[in-house]
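Visitor: There's a structure below that I have some questions on.
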Amino acid sequence: MKLRSTTILAVRHRGEVALGGDGQVTLGETIVKHKAAKVRRLYGGKVLIGFAGAAADALSLFEMLESKLERFSGDLYRAAVELARDWRTDKVLRRLDASMIAVDSRHMFLISGTGDLIAPDDNLLAIGSGAPMAMAAARALIEYSDLTASQIVRKALEITSQICIYTNGNITVESLPAE
């Protein structure tokens, strides 16, 4: 799925997991908002999510994940598996045009409407239009700097905003201690 949307980036590095996203909302080729909140905290601040795609669809998925976290006592792994299964098998949900990254102190998942539930090998995930650029910048920053996870996310998204027309410099970053 080629999203023409925001950029969301997650990095686990040096005892911290950080998730960030830009604030731009576009409608076709037009920027309609500059400071949208696409990164949120769930389950008493213990889970971070970021979403890309159609806003209403993303907010629906946000609410579904929140209810699954409540159902499974904050177990992100179980909640993400259930959300991905429901998303893939439900005829209405399958039409939702969004993707999501969810992280907690132990897990990091990309969840999509095609039923994807991906945990990365290298503690980096990105979604949205600027995902390839954000991943490349984050990999370089991890390798060649002494920055924290939060600093890497912010800097990688700043770099992405200079390249991707669907990503702006109004960046939100949230973080948690990693296990």
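The numbers here are math on the coordinates, done by the rules we state, and not lab data. Quick caveat, the model's predicted, so the values are computed rather than measured. So basically every Cβ, Gly included, is an ideal-geometry build from the backbone, and we count neighbours across all protein chains shown.
Visitor: Which order do 122, 146, 75, 86 fall in if you start with the one that has the fewest other Cβ atoms within 10 Å? Present the calculation step by step, with values, prior to reporting the outcome.
Guide: On the way: 122 11, 146 7, 75 18, 86 15.
So the residues, fewest neighbours to most, are 146, 122, 86, 75.
Visitor: If you add up the charges near residue 23, with Lys and Arg at +1 and Asp and Glu at -1, over every other residue whose beta carbon is less than 12 angstrom from its beta carbon, what do you get?
Guide: Working: positive: 33, 35, 38; negative: 22.
Charge balance in the 12 Å sphere: +2.
Visitor: When 145, 175 are ordered from fewest to most other Cβ atoms inside 10 Å of their Cβ, what list results? Intermediate values should be presented prior to the final figure.
Guide: Values: 145 11, 175 18.
Fewest-to-most ranking of 145, 175: 145, 175.
Visitor: For every other residue with a beta carbon closer than 13 angstrom to the beta carbon of residue 37, add +1 if it is Lys or Arg and -1 if Asp or Glu, then tell me the sum.
Guide: On the way: positive: 33, 35, 38, 40, 41; negative: 22, 174.
Net charge in that neighbourhood comes out at +3.
Visitor: Which value, in debye to the nearest 20, describes the size of the charge dipole of region 1-141 about its Cα centre when Lys and Arg Cβ atoms bear +1, Asp and Glu Cβ atoms bear -1, and nothing else is charged?
Guide: Details: 20 positive and 16 negative charges, 19 e Å.
With only Lys, Arg, Asp and Glu charged at Cβ, the dipole is about 80 debye.
Visitor: What are the principal axis extents of the Cα atoms in region 7-171, in Å, biggest first?
Guide: 41, 39, 25
Visitor: Using Cβ counts within 10 Å as a stand-in for footprinting exposure, how do 107, 13, 34 rank, fewest first? Please list the in-between numbers first.
Guide: Working: 107 17, 13 20, 34 12.
By the 10 Å Cβ count, ascending, the order reads 34, 107, 13.
Visitor: If you take every residue apart from residue 171 with its C-beta less than 15 Å away from the C-beta of residue 171, what net charge results, scoring Lys and Arg +1 and Asp and Glu -1? The partial results should precede the final answer.
Guide: On the way: positive: 33, 35, 38, 40, 154, 155; negative: 22, 158, 174.
Once all neighbours under 15 Å are counted, the net charge is +3.
Visitor: How long, wide and thick is region 123-179, going by the Cα atoms along their three principal axes, in whole angstroms, largest first?
Guide: Largest first, region 123-179 extends 34, 22, 16 Å along its Cα principal axes.
Visitor: Now for a different question. Hey, what do the phi angles of region 23-39 turn into as Karplus ³J(HN,Hα) couplings, whole Hz, using 6.51/-1.76/1.60 and θ = phi - 60°, x for Gly and Pro?
Guide: For region 23-39, the Karplus curve yields x, 7, 10, 10, 10, x, 9, 10, 7, 10, 7, 10, 10, 6, 9, 10, 10 Hz.
Visitor: Another question about this same structure. Which whole-Hz ³J(HN,Hα) couplings does region 131-147 yield from phi under the Karplus relation 6.51 cos²θ - 1.76 cosθ + 1.60, θ = phi - 60°, glycine and proline marked x?
Guide: Karplus-based 3J(HN,Hα) across region 131-147 equals 3, x, 5, 5, 5, 4, 5, 5, 4, 5, 5, 5, 6, 10, 9, 10, 6 Hz.
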